[in-house]
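Rule-based calculations on the coordinates, nothing more; no lab input. The model shown is predicted, which means the values in this text are computed figures rather than measured ones. In this analysis, Cβ positions are derived from the backbone assuming ideal geometry, glycine residues included, and neighbour counts consider all displayed protein chains.
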Amino acid sequence: MADCITLNNGHRIPQVALGTSRISPEKLEVTIKRALDMGYRHIDTAFFYGNETVIGKALQEYMESTNLSRQEVFITTKLFPTYMKGSAVGPALDESLRRLRLDYVDLFLIHVPCAMKELDFYPEKPTQPMDFTSVDLRETWKAMEETIYRGKARSIGVSSFNAKQLDYICKTARIRPAVSQVEAHARFPQKKLHEFCKSRNILLEAFCPLGSPFFIGPKELNKIQSRDNLVEHPIIMDIAAKYKRTPGQILLRNLAQRGIVVIPKSENPQRMKENLQISSFSLSEADMNHIDEIDNGERRFVISWWKDHPEYPFHEEF
């Protein structure tokens, strides 16, 4: 079972989560139950992934057949960008809760800072919306706070925001963001954003913590200069041999040792088990510094269809 970190509101979050994006529906239910058997206690999903219904079914069936209680599992979901108007946020979370078969989520994130034209329905299989609109992020955040007051979310935060956008929210927030979830890995370790978040007592979470070595996404999502596989990088492989660990474990441990929550996606039982074992060893300061040498500022998820949106976050350095 993963170690836990205490959030700025006192709630505790397991440091290793199971990422569920891009796991096929026919494999996901088995994967969720297997993960819970292994000791995973943090499941990360989103309305956009289109898998909340499958996850809800798996969670309910598992808890009914075991002694696992709802309070022992940390569930994260995210607000789809078509529901960022203040009046739409609460109903959107209610729909996610219906699909997840839950009364509350442990963490509710604004999935992206770029609002899209509002939908008046909830698609079963969401597709990427293309029509931009403008919604003040403070309006969205105020409605996120209401989900706390209604008991529908225990903690709230953001995903793929830059520091300026986070600061904009924080200046008027009644409830400070507990978490900022961003792409982070050895090629793109997010050192400056991490320092900013620590100064605001906001926890950083890393999606794509292995550099997403096996994902070749659509060109509008994934447009980068190079695409090396970090688990095959010589520095990572040498350190893995030294510690008698897998390269994936080294990459995850590097982030976890910095106090970051990691969200590796896997449906492979052996890799799932290995990902959960990263708290059983530590990297030396010298090896942490050696991994820093890999940093080349390479963001792998640029989401290029956002680039003309007024809230596109990646024009800023961090």
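What the table shows:
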| quantity | calculated |
| --- | --- |
| Linear extension gain, residue 38 paired with residue 167, 0.36 nm per residue minus alpha-carbon span | 42.6 nm |
| Beta bridges per DSSP with both ends in the chain, % antiparallel, nearest 5 | 15 |
| Gyration tensor (alpha-carbon) shape descriptor, the stretch 257-318, a/c threshold 1.5 | oblate |
| Distance in nm between pseudo-label sites at residue 125 and residue 292 (7 Å out along the Cβ direction from Cα) | 4.7 |
| Unit charges on C-beta of K, R, D, E only; dipole of the stretch 32-144, Debye | 140 |
| Under-5 Å amide H pairs with residue 51, H placed in peptide plane, nonlocal only | 46 |
| Karplus (6.51, -1.76, 1.60) ³J(HN,Hα), θ = phi - 60°, over the stretch 58-66, in Hz, Gly and Pro reported as x | 5, 4, 4, 5, 5, 5, 6, 9, 9 |
| Packing-based exposure ordering (other Cβ within 10 Å, fewest first) of 79, 68 | 68, 79 |
| In sequence order, calculated HN-Hα J values of the stretch 48-54 (Karplus, 6.51, -1.76, 1.60; Hz; x Gly/Pro) | 4, 5, x, 10, 4, 5, 5 |
| Value of [θ]222 nm, deg cm²/dmol, for the chain, DSSP H segments ≥ 4, -39500 (n - 2.57) each, nearest 500 | -10500 deg cm²/dmol |
| Normalised alpha carbon radius of gyration of the chain [divisor 2.2 N^0.38 Å] | 0.95 |
| Per-residue ³J(HN,Hα) for the stretch 123-139, Karplus 6.51 cos²θ - 1.76 cosθ + 1.60, θ = phi - 60°, Hz, x for Gly and Pro | x, 5, 10, x, 10, 5, x, 10, 8, 6, 9, 10, 10, 4, 4, 5, 5 |
| Too-long pairs where the Cα-Cα distance tops 24 Å, listed order kept, from 152/198; 85/191; 33/78 | 152/198; 85/191 |
| Residues whose placed amide H lies under 5 Å from that of residue 42, excluding near-sequence neighbours | 18, 74 |
| Shape box of the stretch 37-136 [Cα atoms, principal axes, largest first, Å] | 46, 22, 21 |
